[in-house]
Amino acid sequence: MKLIIYISLIMTSALVHSETYYQVLTSTKRDINTESWKLSSDDFPGYKSKARWSVSKRTLHGGKQEGVELIEVDNGKLQFRVIPTRGMSVLDVVHGDVRLGWNSPVEEVVHPSYINLHDRGGLGWLDGFNEWMVRCGLSFAGHPGEDKFINNVGAEATMDLTLHGKIGNIPASQVVVIVEKKPPHRIRIRGRVNEVSFYGPNLSIWTEISTIPGSSAFRISDVLTNHGTFDEEFQIIYHANFGRPLLGEGAKLLTASTKIVPFNENAAKAISEQESYAPPTKGFTEEVFKIYPKSDDNGKATALLVNPKRDRGVSVSWPVQQLPYLTQWKNTASETTGYVTGIEPGTGFPHNRNYERNYGRVPKLAPDESRSFELDFVILPTADAVEAAVSEVRSLQGSESPEVQEKPEE
């Protein structure tokens, strides 16, 4: 019986690989790392699609980005760059004259070896913060501060949590590129990132970003697993950051929701302007709003960022059951400081884990249990595309406006 199962598994694996191109770029188990590599549609005999695509990998040099690996994908219409060295974060996405990303004062793609997460009272994460999308987590996310845990002798102890966790500064242990040989020829960049400690969490996340040649859309599909012996708390926030050209005076974040709550007293003062964005303002203090998204008949929520002229935008949709909360981070500071907004679906809000636990927003994974997360992004390159997306969000909101609280959560 075991022999039959083994043969079946071999045949299934062979079938899968016969239908896809599968390239391992990095593997700690196999002790391999391909520093430079390229694949394109020209390498596929019989490829008939008009969209010419390519995937390449290279290594950056100089300054604090020495040794950082970068994977660049061009689907023929849309381009994005993934950073395996920084937890498979996405550096930026470009579609014509639309760029998903922002101009951080941190210009280099900083190698994690130069990051001390405990710097500046737990704000060291910011020393490398310049990605379009960085995952926050996995065992904790959100603001720095003290929390409790059970130490190696079974006693309760305290620990200082750092901003947004560790995963964004952990190099991927395995990186693969998968391309479907048959239409629609989806291109997948996958990476496994481990957050593991002796007498601590044993979590891994298989990340994936994929796109179809010639498409204006791309998808992030992740699977988080607890490999430990006991139930393990986890937090994850998809910290997607947008600057110009989408962000500007009069740009708007539109989403259907049931409730909107200011993060703190500073945000409470601006709750009436939550939807709209201001121009770059010297000395601006960040404003954060906690949004409880409303789902459609398929269980999905959608958020839109629309530029001031309403002729460019981006939408993100995701299952609310997977990521029940949405954080809006407004940092309309001066250009040199970092003019940016964050649109951040998550399992909770970016308070310290100790705070989030008290409100039941820190889920757990049982031993060997996995949790999936899927986010679909679509770039809206015309006024018609923007208006169609806006109409869908307005329709989902319906006639009942969300509850807008004027004070922070008590």
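The values are calculated or read from the model by the stated rules, or taken from the named source; none is laboratory data. Predicted model only: the values in this text are computed from it and were never measured. Here the Cβ is made from the backbone with ideal geometry for all residues, glycine too, and neighbour counts use every protein chain on show.
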Answer residue from region 220-279, given it is over 15 Å from Thr327 (Cα atoms) and among the basic types (Lys, Arg) and is surrounded by the fewest Cβ atoms within 10 Å (Cβ to Cβ) among those | Lys269
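When the residues of region 290-314 are filtered to those that are among the charged types (D, E, K, R) and part of a loop (DSSP other than H, G, I, E, B), which remaining residue is farthest from Leu375 (Cα to Cα)? Lay out the reasoning, then the answer.
Step one: of region 290-314, the residues among the charged types (D, E, K, R) are 290, 294, 296-297, 300, 309-312.
Imposing the further condition that a residue be part of a loop (DSSP other than H, G, I, E, B) reduces the set to 294, 296-297, 309-312.
Working: Lys294: 15, Asp296: 15, Asp297: 17, Lys309: 26, Arg310: 23, Asp311: 23, Arg312: 20 Å.
Only one residue tops the list, namely Lys309.
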Looking across region 351-410 at residues that are surrounded by 13 or more Cβ atoms within 10 Å (Cβ to Cβ) and in contact with a helix residue (DSSP H, G or I) (Cβ under 7 Å, 6 or more places away or on another chain), the single one that is farthest from Leu246 (Cα to Cα) is Val362
Log entry, pairs with first residue in region 31-56 being closer than 11 Å to Asn75 by Cα, second being aromatic (Phe, Trp, Tyr) and at pLDDT 95 or above, beta carbons closer than 8 Å, six or more apart or on different chains, reads Ser40/Trp53; Ser41/Trp53
Long-range neighbours under 8 Å by Cβ, at least six apart or interchain, first residue under 15 Å from Ala303 (Cβ atoms) within region 271-290, second at pLDDT below 95 | Lys290/Glu409
For region 172-200, how many residues are under 30 Å from Phe44 (Cβ atoms) and outside any strand (DSSP E or B)?
-> 8
Is there any pair with a first residue in region 129-151 that is within 24 Å of Val314 (Cβ to Cβ) and a second that is surrounded by 24 or more Cβ atoms within 10 Å (Cβ to Cβ) and among the hydroxyl-bearing types (Ser, Thr, Tyr) whose Cβ atoms are under 6 Å apart and which are 6 or more apart or on different chains, and what are they?
-> Glu131/Ser89; Val134/Ser89
State all residues of region 315-328 that are out of contact with any helix residue (DSSP H, G or I) (no Cβ under 9 Å at 6 or more places or on another chain), surrounded by 19 or more Cβ atoms within 10 Å (Cβ to Cβ) and assigned to a strand (DSSP E or B); if no residue qualifies, say none.
-> Val316, Ser317, Trp318, Tyr325, Leu326, Thr327, Gln328
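Within region 51-68, count every residue that is hydrophobic (A, V, I, L, M, F, W, C), in contact with a Pro (Cβ under 9 Å, 6 or more places away or on another chain) and closer than 28 Å to His185 by Cα.
As a first pass, look at region 51-68 and keep what is hydrophobic (A, V, I, L, M, F, W, C): 51, 53, 55, 60, 68.
With the extra rule that they be in contact with a Pro (Cβ under 9 Å, 6 or more places away or on another chain), the set shrinks to 51, 53, 68.
Narrowing further to those that are closer than 28 Å to His185 by Cα: 51, 53.
Count: 2.
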Subset of region 357-386 (residues that are free of Cβ contacts under 8 Å to residues at least 60 places away in the same chain and part of a helix (DSSP H, G or I)) | Asn358, Asp384
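Table: residues versus (1) more than 22 Å from the chain's Cα centre (by Cα); (2) within 23 Å of Arg30 (Cα to Cα); (3) buried (at least 18 other Cβ atoms within 10 Å of the Cβ).
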| residue | (1), (2), (3) |
| --- | --- |
| Leu123 | no, no, no |
| His143 | no, no, yes |
| Leu161 | no, no, yes |
| Val177 | no, yes, yes |
